[in-house]
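The values are calculated or read from the model by the stated rules, or taken from the named source; none is laboratory data. This one's a predicted model, so the numbers in the text were calculated from it and none came from an experiment. Positions of Cβ are generated from backbone atoms using ideal geometry, with glycine treated the same way; all protein chains shown enter the neighbour counts. Heads up: the accessible areas ignore ligands, DNA and RNA and are worked out on the full protein's heavy atoms, side chains in. Shrake-Rupley method; radii C 1.70, N 1.55, O 1.52, S 1.80 Å.
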Amino acid sequence: MRRVLVTGAAGQIGSELIPKLREKYGRENVVASDIREPSETLSDGPFEQLDVTDRDRLKEVVKEYDVDTVFHLAAILSATGERKPHLAWYVNMDGLYNVLEVARELELTRIFFPSSIAAFGPETPKEMTPQETVMRPKTIYGITKVAGELLCDYYFHRFGVDVRGVRYPGVISSVAPPGGGTTDYAVEMFYAALRHKRYVCFVREDTVLPMIYMPDCLKAAIDLMEADPSRLRHRADYNVTGMSFSAGELAAEIRKHIPEFTVEYRPDFRQKIADSWPRSIDDSAAREEWGWKPSYDLAATTKDMLEKLRRRFKEESP
Ligand code: NAD
Ligand code: SER
């Protein structure tokens, strides 16, 4: 039985990872933590307010709950990172370094670190981006992700810390809103379609990016953490993807359910970030080494997102 700590648990991924982990390992065995106050979804089990840049406090929490596994989600994402590059470097690099140091010192069993498609850059091949390729990101967020992948590799080879991770594409989900990324338009479009029947999109209509729906995002994290170590040839840098579509294709798919939905395209600074990232991803290493296989394409994601959000909005204002 694992004793798990999740950092950055109040965010988009943590809000749905926590219930999944609590279902799997038991409510009391999964400690949620964040620099922010907990949301309702986190309050049915242990929660600790924790800033990952504070290594002493991190160590204290790990010891107090006898934690052996950390899902390290706390980070500053791409768009916020461009607004606050110093904060992004500090939280993303010091936070990861602290988690790895505590893992080394206290001999933790396993660490999960999510990297991102932001680790790639404009010189990277855009279609079916390979596992091993040019890594020259142009955002501070992407730079922290490449450095993070390398640091994880170092801690595995130098100190034997079993750290694993995937390069997530944009995550689409219906529980917690995304936290300052470039792929946020894909989530915002669903909310706006249901609430206002119109959306002003901050990237061009023809912008294609790889994406993943939350159930597949969670499956990737949990399956990789459960994978047989003898089969893994990579560490914290597995390419994974669910689907690729343009902003216009997403709008058209939503329109199949809400015909009156309209989108106006007004690109801002995030367009340049999106243009520097891959359009589609080759995730064959993850498929071969730990059996990765996503379940949701654009049509299935759209149907499920709209159903879930409709239900939620009805409950919020019956
Ligand atoms: P998010 O922004 O929604 O959540 C991050 C959480 O970290 C927030 O709740 C925030 O309060 C917390 N945080 C910030 N600074 C902190 C600090 N100093 N100490 C403790 N907590 C702090 O992000 P997310 O979408 O849930 O992403 C989780 C991880 O997955 C991140 O590492 C991110 O880079 C990665 N990722 C996300 C996506 C995506 O599309 N959501 C894609 C690729 C990778
Ligand atoms: N969705 C994330 C972002 O846009 C990618 O890591 O920042």
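In segment 34-79 the Cα-Cα distances spread across 10 Å bins starting at 0 as 21, 56, 21, 2 percent of all pairs. The fraction of accessible area contributed by carbon and sulfur in the chain is 50 percent, rounded to a whole number (1.4 Å probe; ligands and nucleic acids excluded).
When the Cα positions of Val99, Ala79, Pro114 are compared along the charge dipole of segment 36-114, Ala79 comes out farthest toward the positive end, with charges on each C-beta of Lys, Arg, Asp and Glu. In whole percents, the pair-distance distribution calculated for segment 182-249 from its alpha-carbon pairs, binned every 10 Å from zero, is 17, 38, 26, 15, 4, 0. The Cα atoms of segment 137-182 cover 39, 26, 13 Å along the three principal axes, with the biggest extent listed first.
Estimated translational diffusion coefficient (Stokes-Einstein, Kirkwood radius over Cα pairs, 37 °C, 0.692 mPa s) of segment 41-114: 250 µm² per second. Radius of gyration (Cα atoms) of the chain, expressed as a multiple of 2.2 N^0.38 Å: 0.96. Here the relative contact order of segment 103-186, from alpha carbon pairs under 8 Å that lie six or more residues apart, stands at 36 percent.
Rounded to whole numbers, the Karplus 3J(HN,Hα) couplings from phi for segment 68-82 are 10, 9, 10, 9, 9, 9, 4, 6, 9, 8, 4, 6, 4, x, 5 Hz, using 6.51 cos²θ - 1.76 cosθ + 1.60 with θ = phi - 60°, and x at Gly and Pro.
Of the chymotrypsin sites (Phe, Trp or Tyr not before Pro) found in segment 247-307, the ones in coil according to DSSP and having at most 14 other Cβ atoms within 10 Å of their Cβ are Phe269.
For the set Asp304, Asp228, the ranking by accessible area, highest first and with no ligand, DNA or RNA atoms included, is Asp228, Asp304 under a 1.4 Å probe.
For the chain, the dipole from Cβ point charges (+1 on Lys and Arg, -1 on Asp and Glu) about the Cα centre works out to 580 debye, to the nearest 20.
Excluding same-chain neighbours fewer than eight residues apart, the lysines reachable from Lys84 by a Cα-Cα span under 30 Å are Lys59, Lys126, Lys138, Lys145, Lys272. The distance from the alpha carbon centre of segment 294-318 to that of segment 135-183 is 27 Å, rounded to a whole number. Solvent-accessible area per residue in segment 1-68 equals 48 Å², computed with a 1.4 angstrom probe and all protein chains kept. Note on Lys303: lysines with a C-alpha under 17 Å away, same-chain residues under 8 apart excluded, are Lys197, Lys256, Lys314. The shape of segment 214-318 can be summarised by an equivalent ellipsoid whose semi-axes, obtained from the alpha carbon gyration tensor, come to 31, 20, 12 Å from longest to shortest.
For segment 270-318, a simple Cβ point-charge model (Lys and Arg +1, Asp and Glu -1, everything else neutral) yields a dipole of about 360 debye relative to the Cα centre. Packing here is the average count of other Cβ atoms within 10 Å per residue, and on that basis the peptides 20-30, 102-112, highest first, run 102-112, 20-30. Considered as an equivalent ellipsoid built on the Cα gyration tensor, segment 1-136 has semi-axes of 27, 16, 16 Å, the largest given first.
For the chain, the relative contact order is 18 percent, taking Cα pairs closer than 8 Å that sit 6 or more residues apart in sequence and dividing their mean separation by the residue count.
Entry comment: accessible area of segment 108-242 is 35 Å² per residue, from protein heavy atoms only and a probe of 1.4 Å.
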